[in-house]
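The values are calculated or read from the model by the stated rules, or taken from the named source; none is laboratory data. Since this is a predicted model, take the numbers as computed values, not measurements. Here the Cβ positions follow ideal geometry from the backbone for every residue, glycine too, while neighbour counts run over all protein chains shown.
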Amino acid sequence: MRLFIAVNLPPALRDDLWTIAEPLRTHDFPVRWVAPEGLHITVKFLGAVDPDHVPGVREGLERAVAGAKPFPVLLSGFGAFPSPRRPRVVWAGCEAVPPFELLQDRVEREMQELGFPVEARVFHPHVTMGRVRRGANDRTLGGLQGHLERLSFGQEFTVQSVDLMESTLHTSGARYARRHVADLRG
């Protein structure tokens, strides 16, 4: 099973974000766009996990959220990693508020105890909107930065749970299924 831990967006927020980003999708950029139902904030990518280990992952996720209260975050702005000039991922930004950073750190520590490697990069919460196709170049990506800068979006939502997700790869893109919900109850 290919698993990751994520904050799923409320359906109305996903729809709003998808609608705002329409100018990016209607332009002929060489980007594989994430379907609206797949928009989420990845907290921790686990990769291939033996199904026998899934109960331990669920228990670790529950330990990570124990005592955490729901908290608000702001989604705003668009950009690209590693940069708009050399993009690989097109994203919508998410505010890295202290409760989110603490929650991500707790998830990271619990998963490390289960043998998953620690992420070497600093946590930058974001919603992946699309992935640039291999072979894209300055000519095919010309204007992407300007399009990203012209988009305006800002909406707050409350993180109420962290979900264990399964990702199944298909030729049309990844499909996601929720395998466990860890509620933030505080």
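Odds and ends about this structure:
- Residue list for the stretch 64-78, filter: at positive phi and surrounded by 13 or more Cβ atoms within 10 Å (Cβ to Cβ): G77
- Residues in the stretch 140-172 that are among the small types (G, A, S) and either part of a loop (DSSP other than H, G, I, E, B) or within 15 Å of the chain's Cα centre (by Cα) (or both): G142, G143, S152, S161, S167, S172.
- Selection count where residues are outside any helix (DSSP H, G or I) and among the hydroxyl-bearing types (S, T, Y), scope the stretch 2-25: 0
- Within the stretch 26-65, being at pLDDT below 95, in a helix (DSSP H, G or I) and either in contact with a Gly (Cβ under 8 Å, 6 or more places away or on another chain) or over 20 Å from T171 (Cβ atoms) (or both) holds for T26, G38.
- When L103, L144 are screened for being more than 22 Å from L17 (Cα to Cα) and of a type in the set (A, V, I, L, M), only L103 passes.
- Exactly one residue among L61, L13 is surrounded by 15 or more Cβ atoms within 10 Å (Cβ to Cβ), in contact with a His (Cβ under 8 Å, 6 or more places away or on another chain) and under 19 Å from V181 (Cβ atoms), and that residue is L61.
- Filtering the stretch 79-127 to residues that are over 16 Å from G146 (Cα atoms), of a type in the set (V, I, T) and surrounded by 15 or more Cβ atoms within 10 Å (Cβ to Cβ) leaves V97, V107, V127.
- Scan the stretch 1-18 for residues that are of a type outside the set (K, R) and in contact with a Pro (Cβ under 9 Å, 6 or more places away or on another chain) and the total you get is 6.
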